[in-house]
2 protein chains.
Amino acid sequence: MIDFKTDSFQPGLSVDCVIFGFHNNELKVLLLKMKNLDFWALPGGFVGKDHGVDEEANRVLESRTGLTDIFLRQFYLFGNVGRTSTEHLDSLEAQGLISSDNVSWFRKRFITVGYYALVEYSKVKQPTVDDISERCDWCSINELPEMMHDHLDILKKAHETLKKELNYQPIGINLLPQEFTMPELQALYETILEKPLDRRNFRRKMLGYEILINTDKRRTGVAHKSPNLYKFDVKKYQKAIQGGLSQSW
Amino acid sequence: MIDFKTDSFQPGLSVDCVIFGFHNNELKVLLLKMKNLDFWALPGGFVGKDHGVDEEANRVLESRTGLTDIFLRQFYLFGNVGRTSTEHLDSLEAQGLISSDNVSWFRKRFITVGYYALVEYSKVKQPTVDDISERCDWCSINELPEMMHDHLDILKKAHETLKKELNYQPIGINLLPQEFTMPELQALYETILEKPLDRRNFRRKMLGYEILINTDKRRTGVAHKSPNLYKFDVKKYQKAIQGGLSQSW
DNA sequence: TTTTCAATGTGTCTTAATGACACTAAGATA
DNA sequence: TATCTTAGTGTCATTAAGACACATTGAAAA
């Protein structure tokens with residue numbers, strides 16, 4: 001149960017984080033299952049009156065993953081009037097997940113700022129539940145459960161934005177382990193873009209960015225030719241993010 | 001003077017519009033000069049409790065330009081704690097531009113949603129002032145006056161966003177008159193991108209998009225060869241905006 | 001031990017897009 | 001009529017992208 005008696009939050013404003021991870025060749029999102037209810041929500045929070053919105057997004061991310069200094073980007077403000085579901089609020093209230101003191105606070109019209117983060121799946125500590133959620137799990141974006149309010153729209157828009165960002169900047173340093181193979185990197189791109197890519201052309205293009213370092217090690221224990229392990233050249237990677245990769249003009 | 005006694009607005013939330021126009025080969029922005037004060041502000045508004053944020057942005061745009069159905073896009077939420085200037089608020093108050101009843105409302109921590117619009121300069125009715133502004137003028141983005149709060153940051157970010165958008169979608173249908181010449185279109189691109197482009201390559205690329213219709217008319221009265229007039233093929237233009245122009249993946 | 005299998009690594013050709021670049025044409029003005 | 005300024009146009013070279021096939025490796029199966 002969250003208590004707002006202190007009135008120390010910006011009213012009608014929340015932050016929701018779409019936390020992407022990559023595992024088993026699937027793009028996953030970290031979601032919370034509401035206690036005793038059949039819908040899930042994006043991890044979110046409310047913005048303290050003396051805290052920046054970015055700050056709150058980072059706090060949410062850290063509280064759910066234990067990670068700091070992570071790629072996290074604001075992508076949209078969702079400000080339609082009907083974006084919250086009164087049915088869902090009814091359910092939360094019925095389950096006692098909103099204190100009676102706070103009911104009016106939660107019933108107000110809310111806008112929410114969407115952020116998306118890219119995190120390394122294996123680095124996320126098995127996320128702990130809180131007062132209002134009974135599970136915090138990775139869900140494949142291909143099999144999403146029913147979601148609270150407009151959280152599905154938020155998630156979809158985050159994914160769209162991510163797809164677009166791939167045209168401007170490299171990706172992977174936050175989503176993959178330190179060392180990875182070219183096919184793994186390709187699988188990540190294919191998963192995000194939801195389409196297959198040519199192996200040879202992908203390799204050529206990716207190597208052309210000059211952000212990869214060949215570690216001269218190989219991944220062993222696979223029932224086929226052992227692939228080469230690469231890591232990112234962090235400096236060049238950052239520079240590529242700054243400067244943007246390919247611009248049309 | 002704006003009165004908030006009704007308390008019918010989302011507290012601590014505003015909308016600011018960066019309204020771009022193109023005139024004399026300069027990119028211009030519509031700004032308001034605060035009455036008797038030496039700083040200017042983006043046209044903005046507050047979000048009614050039962051109105052969507054997009055809706056309010058459209059209302060602001062229409063109230064300042066008289067135009068509806070205009071390209072208008074949300075691009076960022078500005079949510080830092082210190083983004084409003086107490087000095088500026090002091091000045092507004094000293095000038096009596098904020099009613100004493102509303103002082104506390106305005107002094108609250110505010111976040112603002114940035115929108116940018118592309119409008120045809122000549123179609124904008126000479127904008128009327130309101131209670132708190134004494135002028136509403138087009139300012140060249142190269143010679144901007146001192147601006148209120150973080151409005152310069154907002155403007156800069158809008159311009160950046162616009163530059164990026166040029167990679168994805170055509171531009172001009174909202175900024176240029178119905179009929180225009182290729183050099184005029186090029187000047188628009190050069191102005192937005194802040195760099196010169198090769199005439200021949202620009203023409204080739206632009207015609208390659210297949211969104212232009214040659215009207216077989218010419219612009220007369222110029223002291224040199226009269227250039228051809230083009231117009232946009234609205235259907236194809238819209239389709240190009242939907243589908244995006246060039247994607248790297 | 002050998003064979004099989006499944007995935008990896010690699011190079012070339014073709015086509016498309018981009019960048020660089022110079023001359024002729026038109027129309028008003030001097 | 002000459003001049004001046006800008007518009008219109010085409011080619012070559014370079015780069016990026018798309019399509020495509022075969023040899024290699026290493027575990028697992030035979």
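The values are calculated or read from the model by the stated rules, or taken from the named source; none is laboratory data. Everything quoted here is computed from the prediction, not taken from an experiment. So basically every Cβ, Gly included, is an ideal-geometry build from the backbone, and we count neighbours across all protein chains shown. Note: accessible area is taken over every heavy atom of the protein model, side chains too, but ligands, DNA and RNA are not part of it. Shrake-Rupley method; radii C 1.70, N 1.55, O 1.52, S 1.80 Å.
Measuring nothing but label to label, 7 Å from Cα along Cα→Cβ, what are B:Gly244's distances to the other copies in nm, shortest first?
1.4
Read phi for every residue in the stretch B:119-135 and hand back ³J(HN,Hα) as whole Hz from Karplus 6.51 cos²θ - 1.76 cosθ + 1.60, θ = phi - 60°, with x for Gly and Pro.
Karplus values, whole Hz, x for Gly and Pro: 10, 7, 3, 6, 7, 7, 4, 3, x, 8, 7, 10, 4, 10, 10, 9, 9.
Starting from the exponent 0.38 and prefactor 2.2 Å, build the expected Rg for the protein assembly as shown from its residue count and divide its actual Cα Rg by it.
In units of the 2.2 N^0.38 Å rule of thumb, it is 1.09.
Using a basic spin-label model with each label point 7 Å from the Cα along Cα→Cβ, how many nm lie between B:Ser8 and B:Leu144?
3.3
Within 10 Å of each Cβ of B:79-89, how many other protein chain Cβ atoms are there on average?
That average works out to 3.
How long are the semi-axes of the ellipsoid equivalent to the stretch B:9-148, from square roots of 5 times the Cα gyration tensor eigenvalues, in whole Å, largest first?
24, 18, 14
In nm, one decimal, shortest first: how far is the label point of A:Ala223 (7 Å from Cα along Cα to beta carbon) from the matching points in the other copies?
For A:Ala223, the other copies' label points sit at 8.2 nm, shortest first.
Once fully extended, how much extra length lies between A:Arg218 and A:Val234, figured as 0.36 nm per residue of separation less the alpha-carbon to alpha-carbon distance?
3.7 nm
What residue among B:Lys35, B:Lys239, B:Lys231 has the largest mean-square fluctuation in a Gaussian network model of chain B, using Cα springs under 10 Å?
Maximum among the listed residues: B:Lys239.
Return the single residue from B:Leu27, B:Leu175, B:Leu67 with maximal mean-square fluctuation; model: Gaussian network over chain B, springs between Cα atoms under 10 Å.
Ranking B:Leu27, B:Leu175, B:Leu67 by mean-square fluctuation puts B:Leu67 first.
With a 1.4 Å probe and all protein chains left in place, how much accessible area per residue does the protein assembly as shown have, in Å²?
For the protein assembly as shown, the per-residue accessible area is 48 Å².
Projecting each Cα onto the charge dipole of chain A (Lys/Arg +1, Asp/Glu -1 at the beta carbon, about the Cα centre), which of A:Ile70, A:Phe9, A:Leu42 comes out farthest on the positive side?
Most positive-ward Cα: A:Ile70.
Put a point 7 Å out from Cα along the line to Cβ at B:Arg203; what are the distances to that point in the other copies, in nm, shortest first?
In ascending order, 4.4 nm.
Taking the Cα centre as origin and putting +1 on Lys and Arg beta-carbons and -1 on Asp and Glu beta-carbons, what dipole magnitude results for chain A, to the nearest 20 debye?
Magnitude of the dipole: close to 1340 debye.
Please list, or write none, the aspartates and glutamates whose alpha carbon is within less than 13 Å of the alpha carbon of B:Lys125, excluding same-chain residues fewer than 8 places away.
Within reach: B:Glu62, B:Asp137.
Over both sides of the A-B contact, add up the buried accessible area with a 1.4 Å probe and give it to the nearest 100 Å².
Buried area between the two chains comes out at roughly 3100 Å².
Of the heavy-atom accessible surface of the protein assembly as shown (probe 1.4 angstrom), what whole percent is carbon and sulfur?
Using a 1.4 Å probe with all protein chains present, the protein assembly as shown comes out at 47 percent carbon and sulfur.
Can you give the alpha-carbon Rg of chain B over 2.2 N^0.38 Å, where N counts its residues?
Output field value: 1.12.
For the pair A:Glu62 and A:Glu93, how long in nm is the line joining their label points, each one 7 Å along Cα→Cβ?
3.5
Sort the stretch B:86-156 into rounded, prolate or oblate with this rule: let a ≥ b ≥ c be the square roots of the eigenvalues of the Cα gyration tensor; rounded if a/c is under 1.5, and if a/c is not under 1.5, prolate when a/b is larger than b/c, oblate otherwise.
The shape class here is prolate.
Can you work out the base-10 log of I(q)/I(0) for the stretch B:180-243 at q = 0.18 1/Å, using the Debye formula on its C-alpha atoms alone?
Once normalised to I(0) and log-transformed, intensities are -0.73.
Restricting to DSSP H runs of at least four residues, report the calculated mean residue ellipticity at 222 nm for the protein assembly as shown, -39500 (n - 2.57) per run over all residues, nearest 500 deg cm²/dmol.
-9000 deg cm²/dmol
At 7 Å along Cα-to-Cβ for each site, give me the label-to-label distance between B:Glu134 and B:Trp249 in nm.
5.4
For chain A, set up a Gaussian network in which alpha carbons nearer than 10 Å are linked by springs, and say which option among A:Gly44, A:Gly114, A:Gly12 fluctuates the most.
A:Gly12
With respect to the cross-link table entries A:Lys205/A:Lys235; B:Lys163/B:Lys195; A:Lys157/B:Lys28, which display a Cα-Cα separation exceeding 23 Å?
The answer is A:Lys157/B:Lys28.
Counting alpha carbon pairs within less than 8 Å and at least 6 residues apart, what relative contact order, in whole percent, applies to chain A?
24
Just to check, using Stokes-Einstein with a Kirkwood Rh over alpha carbon pairs, what's the diffusion coefficient of the stretch A:128-242 at 37 °C and 0.692 mPa s in µm²/s?
So the translational diffusion coefficient is about 199 µm²/s.
Between Rg and the Kirkwood Rh of the stretch B:75-114, both from Cα atoms, what is the Rg to Rh ratio?
1.03
Rounded to whole angstrom, how close does the nearest chain A beta-carbon get to the axis mapping A onto B, and which residue is it?
Spelled out as residue then distance in Å, it is A:Leu77, 2.
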